[in-house]
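Asker: Mind having a look at this structure? Questions to follow.
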Ligand SMILES: Cc1cc2nc3c(=O)[nH]c(=O)nc-3n(C[C@H](O)[C@H](O)[C@H](O)COP(=O)(O)OP(=O)(O)OC[C@H]3O[C@@H](n4cnc5c(N)ncnc54)[C@H](O)[C@@H]3O)c2cc1C
């Protein structure tokens, strides 16, 4: 079996590795002249780290990662803790994979290093995808035609493949933008920060966590806004991020005041599709289901896509590809679409105005903490994607149903 994967982001790299595990001969085509990832953090929930383990990458990624023990929700004005959730050994035990916080470059490097260089075509822009009954093809900007039994389009939120397959549709602005920065640990020493916190305020929220084994603090401040460019490299105007969090808890202001370069990223999504595949060609990752990042699930869903895609192609012959892609999409589309919707709801919930709505939201978070020790995002971590996950799904059910006999391990609302 021969496959072409378009795009070497987290989704494309994972697809290439997953397909290689099935014995597929893979060509990975990327428009950038070299493998790159921007300087920012990424959270890898257990559904993501289970896939990394399956791809043989978990140890390499975990060696450079941070493992938070808990997530603390805080109020914007006085920093009081609303409640906290367990992410450490309890979550790993229940979901079968650790919760990791990683520098994107560390994750990307570990993944890229596992793809043989002879399988990679860098500096190659794909300008078209075609197919007939027997094979699929991509056309490059240089006029070359590459042929394979299947094409996986992992070309991101601004996917062109999506338009070639399903007609014109554009990335949708979410009405939110993220200020992003990384700070050396020394810059924030003495601020008394919780290890991982999401601070909730009217029309905005602020997230910080450690990456690279605590060497760097990753900060993300999300605001509601009319318009913002979809870019991983656009810089914020000087002081803009501080003005956006005027009046917030002094610790938030202190962090923001100590940042160097601050990037501003207009968050875009894609509308859910009724299908991702046609014949021998399929979408994967953000091209299929770009979502707002408020449950930290976009890359996780791309990783699970890749694992399921590989699973569906095990033992398949070239003539079986369209059916195998149907199976892949039927196992993934509804689950990923659900996470897209719940991520959007999480953003709305985070940004409620002060007053009765925010109080009701805080009460919900407290009640959830009493019922489910892993927090409001954990619903996505146990989605069954392949056989070994069923075992961890069973463990989750058992953990959630377990009576409160854990000797204080269950997080207490404060
Ligand atoms: C602010 C923010 C925070 C986030 N935090 C998290 C988080 O904590 N956890 C999480 O799981 N997710 C998170 N996400 C989501 C995550 O970053 C994305 O879902 C993930 O990176 C998507 O990977 P991808 O491979 O599908 O797409 P991309 O990473 O966009 O990769 C697409 C690749 O395709 C290439 N390409 C595009 N067009 C062509 C072409 N025509 N020819 C050749 N190559 C092409 C591009 O150059 C690129 O390399 C976050 C997103 C944002 C915006």
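Asker: Tell me which of these residue 252 doesn't satisfy, since it passes every other one: (1) within 12 Å of the ligand (Cβ to nearest atom); (2) surrounded by 23 or more Cβ atoms within 10 Å (Cβ to Cβ); (3) at pLDDT 95 or above.
Answerer: With (1) within 12 Å of the ligand (Cβ to nearest atom); (2) surrounded by 23 or more Cβ atoms within 10 Å (Cβ to Cβ); (3) at pLDDT 95 or above applied to residue 252, the lone miss is (1).
Asker: Residue 84 is checked against (1) under 23 Å from residue 351 (Cβ atoms); (2) more than 14 Å from the ligand (Cβ to nearest atom); (3) surrounded by fewer than 22 Cβ atoms within 10 Å (Cβ to Cβ) and fails just one. What number does that condition carry?
Answerer: In the conditions (1) under 23 Å from residue 351 (Cβ atoms); (2) more than 14 Å from the ligand (Cβ to nearest atom); (3) surrounded by fewer than 22 Cβ atoms within 10 Å (Cβ to Cβ), residue 84 misses (3) alone.
Asker: Looking only at the range 116-149, which residues are part of a strand (DSSP E or B) and within 11 Å of the ligand (Cβ to nearest atom)?
Answerer: 121, 126, 127, 128, 129, 138, 139, 140
Asker: Can you tell me which residue among 14, 63, 40, 48 is free of Cβ contacts under 8 Å to residues at least 12 places away in the same chain and either within 29 Å of residue 376 (Cβ to Cβ) or away from the ligand (no atom under 16 Å from the Cβ) (or both)?
Answerer: Being free of Cβ contacts under 8 Å to residues at least 12 places away in the same chain and either within 29 Å of residue 376 (Cβ to Cβ) or away from the ligand (no atom under 16 Å from the Cβ) (or both) holds for just one of 14, 63, 40, 48, which is 63.
Asker: Does the range 85-96 contain at least one residue that is out of contact with any helix residue (DSSP H, G or I) (no Cβ under 7 Å at 6 or more places or on another chain) and assigned to a loop (DSSP other than H, G, I, E, B)?
Answerer: Within the range 85-96, one or more residues are out of contact with any helix residue (DSSP H, G or I) (no Cβ under 7 Å at 6 or more places or on another chain) and assigned to a loop (DSSP other than H, G, I, E, B).
Asker: Looking only at the range 1-53, count every residue that is surrounded by 21 or more Cβ atoms within 10 Å (Cβ to Cβ) and part of a helix (DSSP H, G or I) and tell me the total.
Answerer: 17
Asker: Now a separate question. Take the residues of the range 257-287 that are in a helix (DSSP H, G or I) and touching a residue at least 60 places away in the same chain (Cβ under 8 Å): which is farthest from the chain's Cα centre (by Cα)?
Answerer: Here the residue is 287.
Asker: Considering the range 61-81 alone, what residues qualify as being surrounded by fewer than 17 Cβ atoms within 10 Å (Cβ to Cβ) and either in contact with a strand residue (DSSP E or B) (Cβ under 9 Å, 6 or more places away or on another chain) or closer than 18 Å to residue 210 by Cβ (or both)?
Answerer: Answer for the range 61-81, where residues must be surrounded by fewer than 17 Cβ atoms within 10 Å (Cβ to Cβ) and either in contact with a strand residue (DSSP E or B) (Cβ under 9 Å, 6 or more places away or on another chain) or closer than 18 Å to residue 210 by Cβ (or both): 63, 69, 77, 80, 81.
Asker: With respect to residue 352, determine if the residue is under 29 Å from residue 175 (Cα atoms) and surrounded by fewer than 21 Cβ atoms within 10 Å (Cβ to Cβ).
Answerer: Working: under 29 Å from residue 175 (Cα atoms): yes; surrounded by fewer than 21 Cβ atoms within 10 Å (Cβ to Cβ): yes.
Yes, satisfied.
The rows are residues; the columns are (1) within 24 Å of residue 221 (Cα to Cα); (2) modelled with pLDDT of 95 or more.
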{"site": "67", "(1), (2)": "yes, yes"}
{"site": "78", "(1), (2)": "yes, no"}
{"site": "85", "(1), (2)": "yes, no"}
{"site": "94", "(1), (2)": "no, no"}
{"site": "101", "(1), (2)": "yes, yes"}
{"site": "104", "(1), (2)": "yes, yes"}
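Asker: Still on this structure, please answer the following. Answer yes if at least one residue in the range 318-333 is closer than 27 Å to residue 292 by Cβ, without any contact (Cβ under 8 Å) to a residue 12 or more places away in the chain and either over 16 Å from the mean Cα position of the chain (by Cα) or in a helix (DSSP H, G or I) (or both), and no otherwise.
Answerer: Yes, some residue in the range 318-333 is closer than 27 Å to residue 292 by Cβ, without any contact (Cβ under 8 Å) to a residue 12 or more places away in the chain and either over 16 Å from the mean Cα position of the chain (by Cα) or in a helix (DSSP H, G or I) (or both).
Asker: May I ask you to list the residues in the range 158-184 that are assigned to a loop (DSSP other than H, G, I, E, B) and either touching a helix residue (DSSP H, G or I) at 6+ places or on another chain (Cβ under 8 Å) or within 13 Å of the ligand (Cβ to nearest atom) (or both)?
Answerer: If the condition is that a residue be assigned to a loop (DSSP other than H, G, I, E, B) and either touching a helix residue (DSSP H, G or I) at 6+ places or on another chain (Cβ under 8 Å) or within 13 Å of the ligand (Cβ to nearest atom) (or both), then 158, 159, 160, 169, 171 are the ones that fit.
The values are calculated or read from the model by the stated rules, or taken from the named source; none is laboratory data. All values derive from a computational prediction rather than experimental measurement. Positions of Cβ are backbone-derived with ideal geometry, glycine not excepted, and every protein chain shown enters the neighbour counts.
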